[in-house]
Amino acid sequence: MKPGPRNLITDVEGLRVGNADDGSVKSGVTVLAADRPITASVHVMGGAPGTRETDLLAPDKLVPAVDALVLSGGSALGLDAASGVANALRAAGIGFDVAGQKVPIVPAAILFDLLNGGDKGWDENPYAALGAAAWRARSETFALGTAGAGTGATAGALKGGLGSASAVLGNGVTVGALVAVNAHGAAAPDGVAHLWAAPWEQGGEFGGLGPVPAGAGTDVALSGGLTPAQNTTIGIIATDAALDKTQCQRLAVAAHDGFARALVPSHTPFDGDLIFAASTGARKLDDPVGESVALGHAAATVMARAIARGIWEAEGVPGDIVPTFRAHHGV
């Protein structure tokens, strides 16, 4: 597997990503949209998720496709970002048609970034406006690191961020990942300038630092002084392979292995870890059962790389309460 031309989730043809953020609030929103509705499902592994409209993504539910997927900061307050996106979609005449009325389908997930040093004393919830702005900003290229939903994220004792990566399989199928890393766990062992995801790195995309030394990181903090709902890594795995909702859900399950490869520990009771899976349906599989194994492996690998890129690309800004990985290790 090699990365696509952009090494972004938008290497899946037809997908666009938009970011919007507020530096004073230290938070933001990331939106994945497509040229047309996309098949999608979801899988939750964390103990403290925050979501909107995820029930309808179950394989047995009526709605066949979604118009956009939203990743947002702001904890429960950030769910308002999906309303902003839905309003913008409706104004553009996009949505599920119900007797002539357009109802945009916009599932969303949020992460907790309310204690990161930003000004949270707003008079009006900013996330609806940020959601609409992110949808309007959608493009094939977009910023990583301290951007969009990753603007105020943290990972362990360091800054988190927004990451993305892609891979093109031997059969021509493209798989891409998009993730906002705000984990209780860490992307590297304490004091070690090597990222857990290093074995899957492509072309020095996150520093080319090499693998974690043997024996490093065998112990992890048992509590860290956190309470439930203060962390979460939320992501999207997408492909042009033609998958139905059941197959998308299985792809999301496989992609969670990427969390475990890149973050230690992952899927804790303090995290709301969640992955959406989306299919544009552009490329039919010759062997849907057999090829699903390669798809699942690609999903996990690409997600691990995206997480590491989010950490690597994070930038320090005034008012930060934790350093970036690169600043902390001088790399």
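For (1) modelled with pLDDT of 95 or more; (2) out of contact with any His (no Cβ under 7 Å at 6 or more places or on another chain); (3) part of a loop (DSSP other than H, G, I, E, B), each residue gets a yes or a no:
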| residue | (1), (2), (3) |
| --- | --- |
| T280 | yes, yes, no |
| V289 | no, yes, no |
| S292 | no, yes, no |
| G296 | yes, yes, no |
| A304 | yes, yes, no |
| A308 | yes, yes, no |
| E315 | yes, yes, yes |
| D320 | no, yes, yes |
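Cβ-Cβ distances below 8 Å connect the following pairs, each with a first residue in the stretch 133-157 that is more than 17 Å from A187 (Cβ to Cβ), a second residue that is hydrophobic (A, V, I, L, M, F, W, C) and in a loop (DSSP other than H, G, I, E, B), and a separation of six or more residues or different chains: E140/L8; T141/L8; F142/L8; G148/F142.
Among the residues of the stretch 129-168, those that are modelled with pLDDT of 95 or more and surrounded by fewer than 21 Cβ atoms within 10 Å (Cβ to Cβ) comprise A129, R136, A137, R138, S139, E140, T141, A143, V168.
Among the candidates G14, G47, the residue that is surrounded by fewer than 19 Cβ atoms within 10 Å (Cβ to Cβ) and in contact with a Pro (Cβ under 8 Å, 6 or more places away or on another chain) is uniquely G47.
Counting only residues that are closer than 21 Å to A40 by Cα and surrounded by fewer than 16 Cβ atoms within 10 Å (Cβ to Cβ), the stretch 100-116 holds 1 of them.
Is the stretch 301-318 home to any residue that is among the aliphatic types (A, V, I, L, M) and surrounded by fewer than 16 Cβ atoms within 10 Å (Cβ to Cβ)?
Within the stretch 301-318 (the criterion being among the aliphatic types (A, V, I, L, M) and surrounded by fewer than 16 Cβ atoms within 10 Å (Cβ to Cβ)), the answer is yes, since at least one residue qualifies.
Quick one: how many residues across the stretch 33-44 are within 21 Å of D271 (Cβ to Cβ) and either over 14 Å from the mean Cα position of the chain (by Cα) or surrounded by 21 or more Cβ atoms within 10 Å (Cβ to Cβ) (or both)?
The number of residues fulfilling the criteria is 3.
For the stretch 169-184, filtered to residues that are under 19 Å from D320 (Cα atoms) and small (G, A, S), the residue that is surrounded by the fewest Cβ atoms within 10 Å (Cβ to Cβ) is A183. For L69, the test of being within 25 Å of P318 (Cα to Cα), crowded, with 16+ Cβ neighbours inside 10 Å and either touching a Cys at 6+ places or on another chain (Cβ under 9 Å) or not basic (K, R) (or both) is failed.
Only one of D97, D119, D123 is assigned to a strand (DSSP E or B) and surrounded by fewer than 16 Cβ atoms within 10 Å (Cβ to Cβ); which? When all the criteria are applied, what remains is D97. Please tell me if S83 is modelled with pLDDT of 95 or more, among the hydroxyl-bearing types (S, T, Y) and either crowded, with 24+ Cβ neighbours inside 10 Å or within 18 Å of the chain's Cα centre (by Cα) (or both). It is false that S83 is modelled with pLDDT of 95 or more, among the hydroxyl-bearing types (S, T, Y) and either crowded, with 24+ Cβ neighbours inside 10 Å or within 18 Å of the chain's Cα centre (by Cα) (or both).
The values are calculated or read from the model by the stated rules, or taken from the named source; none is laboratory data. Keep in mind it's a predicted model, so treat the numbers as computed, not measured. Positions of Cβ are generated from backbone atoms using ideal geometry, with glycine treated the same way; all protein chains shown enter the neighbour counts.
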